[in-house]
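Below is one structure; the comments refer to it alone.
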Amino acid sequence: MSILYIIRFVSILVALSIIEIFLSKSKTKWLGLILPLISFIFALVYGCGRVISDLEANIGIILKDFVLLFAFNIPTAIFLIIYFNCRKKIDKS
């Protein structure tokens, strides 16, 4: 069952990367920042939401949430790398 989850995650990431390439190549540079911004907000809400809501959390829970925050920002980093590479090619020409 976990293989199906991995395949689903990778296929969604590939589809979103293709959309990010399309948005990054548009004339307005702000369109390419939509997916990284959404991904970053999702990571903040999911990664830090429990820390803010649970004031009695111990250090283990807080560290686990920050690891989750880092893990959920991996797609954000991928989208930003795609964005800056596409914009660099557009700015050269």
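The values are calculated or read from the model by the stated rules, or taken from the named source; none is laboratory data. Being a predicted model, the structure only gives us computed values, none of them experimental. Note: ideal-geometry Cβ built from the backbone for every residue, glycine included; neighbour counts use all protein chains shown.
Let me confirm something: among Ile81, Ile59, which residue is surrounded by 11 or more Cβ atoms within 10 Å (Cβ to Cβ), free of Cβ contacts under 8 Å to residues at least 60 places away in the same chain and hydrophobic (A, V, I, L, M, F, W, C)? Give the steps one after another, and end with the answer.
Working: Ile59 fails: surrounded by 11 or more Cβ atoms within 10 Å (Cβ to Cβ).
Checking each option against the conditions leaves just Ile81.
Would you please name the residue that is farthest from Phe79 (Cα to Cα), looking only at residues in the range 24-36 that are free of Cβ contacts under 8 Å to residues at least 24 places away in the same chain and in a helix (DSSP H, G or I)?
Step by step, filter the range 24-36, then rank; the result is Leu31.
Does Asp54 satisfy the criteria of being in contact with a helix residue (DSSP H, G or I) (Cβ under 6 Å, 6 or more places away or on another chain) and at pLDDT below 85? Show your work before the answer.
Working: in contact with a helix residue (DSSP H, G or I) (Cβ under 6 Å, 6 or more places away or on another chain): no; at pLDDT below 85: yes.
Answer is no for this residue.
Based on what the data block shows, is Gly32 modelled with pLDDT of 90 or more and not aliphatic (A, V, I, L, M)?
Yes.
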